[in-house]
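Rule-based calculations on the coordinates, nothing more; no lab input. Note that this is a predicted model, so its numbers are computed, not measured. All Cβ positions, glycine included, derive from the backbone under ideal geometry; neighbour counts span all protein chains shown.
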Amino acid sequence: MATHPEQPSSKPFILFTAGATSYELVRFLVPRGPGEMLLARRHYADTPGDLVVIKRLQDAGDALGRARLREEVKLLMRLSHPSIAQVFLVRVHEGSPHLVMEYVEGQSLETLTSFAALRRRPLSEAFAAYVGAEVADALHHAHTLEDGRGQPLGIVHRDVSPRTLRLDVHGRVKLSDFAMAWAKLPGRVGTEAHVVRGDVAYASPEALARQPLDGRSDLFSLGVVLLELLTGLHLLDLEDVERAALALGPLPEAEALRAEVPSWLPAPLMATRMACVSPEHVERATQGASGPMRAILRRLLRREPSERFQSGLELRDALRAVLGGLGYAYGPREAALEAAQVRRDVRARRRAADVLRWEDSARPEALSRAAPPRDT
């Protein structure tokens, strides 16, 4: 495993240099997948430049990790879409491959949904439709990508979740981290039969059943994200679903299931809950949404892939139709403003909570409890 260097306050720690460009370590990021994530700043000659994200292997001797990173690089070098985080450079330094990627300044959807939960009001339907349309378009690009001979690569992201989706400071949506992706590439590394790649809480029914996947699996995952944005509810945490799973009990075929990325429930329990999800659950959870948006979520979250949207393009057009029916424009600027408002709401709620705690401690009865008893 890579050792985290000591960082003197006066002198920057340079990770490596490529030509006239050097990469200064800023901080370590939360690791995800087989690599170690670093935030770095590019320096052109002696002039500080922009921030980038660098992914490197934690163990230079990890053959599986190396193979997966090579696979990810092959994929990313073929992807070119405004809503997919860009790859700038691949460099082997001290025996470890380093992947230099675009840093998306902003917040993940995981952070924004957490903020929305703290303020006790989910994000708007317009925000969900806008984000969903952008991600669906990016997924369509990935799903339909071909190799140099015109053969479909069959890419499936396998990790569409609030953690891998970001909204930048200008309101643009970015899909990142193809580390868990599947594709028809020579020499690709297979996944063990009982292992689910990506965030198991957003995995499709077929992923949890370890069946063959195609792009419709990613669309199901996006549906789970959209439900959470729109309602503040997670599909597998709905009360009705939880009760049905308790009544059903463990699924024998899911006992050996294991999640490669830890989640809030073990993979076998996630699979049991997924087996209990019905269209009625989705219907009840989306009662506050408009008719068109409810219809989209009902179709997205079908158990059978053949009953879902069949392409990202089809989903993108349906979500853009929802935006078109709003009667007002909603795009990057509006999304950035809404995200900023969510943050302000949370700060205001926290300040109010601090004031209430102070007022409570300053009440006469509280003071009398804290004061020593008087002599009578």
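With springs only between Cα atoms under 10 Å apart, run a GNM on the chain and tell me which of A20, A209, A285 wobbles the most.
Highest fluctuation among the options: A20.
Extending each Cα 7 Å along its Cβ direction at Q310 and E146, get the distance between those two points in nm, one decimal.
Placing both labels 7 Å along Cα→Cβ, they lie 1.9 nm apart.
In percent, how large is the relative contact order of the chain, given Cα pairs closer than 8 Å and 6 or more residues apart?
15
Can you return the lysines within cross-link range of K74? Criterion is Cα-Cα under 22 Å, with same-chain partners fewer than 8 residues away left out.
Straight-line reach from K74, under 22 Å: K55, K174, K184.
Any idea what the dipole of the chain comes to, in debye rounded to 20, about its Cα centre with Lys/Arg Cβ at +1 and Asp/Glu Cβ at -1?
Here the chain has a charge dipole of around 480 debye.
How long is the gain from V73 to L39 if the chain were fully straight, where each residue apart is worth 0.36 nm and the alpha carbon distance is subtracted?
Additional length available on full extension: 10.4 nm.
If I build a Gaussian network model for the chain, linking alpha-carbon pairs within less than 10 angstrom, which residue out of K184, K174, K55 has the largest mean-square fluctuation?
Highest fluctuation of the listed residues: K184.
Compute the signed sum of charges (Lys and Arg +1, Asp and Glu -1) over the other residues within less than 12 Å, Cβ to Cβ, of T113. The partial results should precede the final answer.
Numbers: positive: R119, R121, R163; negative: E110, E228.
Taking every other residue near T113 into account, the sum is +1.
Could you list I14, I54, I84 so that the one with the fewest beta carbons within 10 Å of its beta carbon is first and the one with the most is last? Could the numbers behind the result be given before it?
Values: I14 12, I54 25, I84 22.
In order of increasing Cβ crowding within 10 Å: I14, I84, I54.
In the range 106-333, with Lys and Arg counted as +1 and Asp and Glu as -1 at Cβ, which of these residues, L219, G171, A244, has the Cα nearest the positive end of the dipole, that is, farthest along it?
The residue sitting most towards the positive pole is G171.
Between L248 and R303, what is the label-to-label distance in nm when each label sits 7 Å out along the Cα-to-Cβ direction?
0.7
Could you check the simple spin-label distance between R350 and L89, using points 7 Å along Cα→Cβ, in nm with one decimal?
Output for this residue pair reads 3.5 nm.
How much space per residue, in cubic angstrom, does the convex hull of the C-alpha atoms of the chain take up?
Spread over its residues, the Cα hull of the chain gives 219 Å³ apiece.
Which value at 222 nm does the chain reach when only helices count, each DSSP H run of 4 or more adding -39,500 (n - 2.57), with the total divided by all residues and rounded to the nearest 500 deg cm²/dmol?
Helix-only estimate at 222 nm: -13000 deg cm²/dmol.
In which sequence would V196, V261 go, from the one with the fewest C-beta neighbours within 10 Å to the one with the most?
Going from least to most buried by this count: V261, V196.
Order by neighbour count: T272, T231, T17, fewest other Cβ atoms within 10 Å first, most last.
Ascending Cβ contact count within 10 Å gives the list T17, T231, T272.
Over the range 150-253, what is the relative contact order in percent, taking alpha-carbon pairs closer than 8 angstrom and at least six residues apart?
In percent, rounded to a whole number, it is 27.
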